[in-house]
Each structure stands twice: as C-alpha cells, then as structure tokens.
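Peer 1: Sharing a structure here in structure tokens format.
The values are calculated or read from the model by the stated rules, or taken from the named source; none is laboratory data. A quick note: this is a predicted structure, and the numbers were derived from the prediction, not measured. So basically every Cβ, Gly included, is an ideal-geometry build from the backbone, and we count neighbours across all protein chains shown.
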Amino acid sequence: MVMAKKRPDGWWYPWIFVAFFAVVIGVNGVMITFATGTFTGLDTKDHYRKGLAYNESIEGARQQAALGWTADVTALGDRLAVEFKDKDGNVIPGLALSGVMTRPTNVDDDLALGSFTEIRPGYYETALSLPKKGQWDARILAVKGEQSFQMVERLHIP
C-alpha cells in the first residue's frame, strides 16, 4: 500500500504573499479608477491662456498694492455693502463696481451681482439674493479711470 505524500509544514506561506499583492493591486486599481473618473482639478476656464499671462497678473498685483486701497465688505441681509478707502484712510468716491458671489464648494452656485449704487461717497451697495446660506466669496472689481482694484472677501451668510 502506497501512502499519500504529506505536504510539508508551511507550504501555504508563499500564497500569503500572493494574496497580499493581489489585494494591493486591486485596491490601487480602484483608486486609479476613482482618481481619473472624478474631479479633474481644473476649475478655471481658459486656464492655459491665463497661465501664460501670469507675469501680467503679478504686475497688476504690484500696481494694486501701490494704490494702497482697502475695501470693507459687509452682507446686510438682502444687501451687500462695500466701503473703499485709499492708503491715507480717505473714502474713494466715483468708482465703477462689478462683482460676483461664488460658492467655495460648488461653481454651479456662482451668482453675478447687480449694479452697485453709491449711497454716500466711498460707500456702495447692491441687492443680494443668494440661493443658499453658508460660506460665500464676494469677488469685487472697482475701477476709477485707469486704476483698478480687485478683491475677494469670504462671507458667512446666515
């Protein structure tokens, strides 16, 4: 009678390594699929052209810093108020303002602001009707002659 040959102890140890690497490769495959199938990371329209104009953006930032203007943005219920001052603390009357309210978490909620009215010298208001409460960024552009000032202010809308 011939006895069946018994497997040596630990014959299955190499299969532990095979199973480990199979799990790692499978998880990496799932992560790659999610990474390539979701958000691209590009949220700016025309990002390539804007990237080429980067030096002009830096120069614009230098010119804006030289102006020394400051803006105080306040959400007042159904109104958005902005007060502009120069580097000496004097109000800046006669600005042409435009703006947009952006939602940091979703570009689909972005909302262009209406025209601003100068209530008193250096103090401007516009109607504010947002579809959702929470965090919003007020992006304001102020122009007076050849001078321009742009800013972003994070606001919490209750």
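Peer 1: Please go through the stretch 91-118 and give me each residue that is farther than 17 Å from Glu153 by Cα and in contact (Cβ under 8 Å) with a residue 24 or more places away in the chain, ordered by number.
Peer 2: Hits for the stretch 91-118 are Val91, Ile92, Pro93, Gly94, Leu95, Ala96, Glu118.
Peer 1: Which of the residues belonging to the stretch 17-32 are among the β-branched types (Val, Ile, Thr) and either at pLDDT 95 or above or surrounded by fewer than 10 Cβ atoms within 10 Å (Cβ to Cβ) (or both)?
Peer 2: Taking the stretch 17-32 first, the residues among the β-branched types (Val, Ile, Thr) are 18, 23-25, 27, 30, 32.
Those that are among the β-branched types (Val, Ile, Thr) and either at pLDDT 95 or above or surrounded by fewer than 10 Cβ atoms within 10 Å (Cβ to Cβ) (or both): Val18, Val23, Val24, Ile25, Val27, Val30.
Peer 1: Out of (1) touching a Pro at 6+ places or on another chain (Cβ under 6 Å); (2) surrounded by fewer than 15 Cβ atoms within 10 Å (Cβ to Cβ), what's the single condition that is false for Gly122?
Peer 2: Every condition holds for Gly122 apart from (2).
Peer 1: What is the residue count in the stretch 44-70 for residues that are at positive phi and surrounded by 10 or more Cβ atoms within 10 Å (Cβ to Cβ)?
Peer 2: In the first step, residues of the stretch 44-70 are kept if they are at positive phi; the result is 46, 68.
Restricting the remaining residues to those that are surrounded by 10 or more Cβ atoms within 10 Å (Cβ to Cβ) gives 68.
So the answer is 1.
Peer 1: Regarding the stretch 38-50, can at least one residue be identified that is more than 18 Å from Met151 (Cβ to Cβ), touching a residue at least 40 places away in the same chain (Cβ under 8 Å) and out of contact with any Pro (no Cβ under 9 Å at 6 or more places or on another chain)?
Peer 2: Yes, the conditions are met somewhere in the stretch 38-50.
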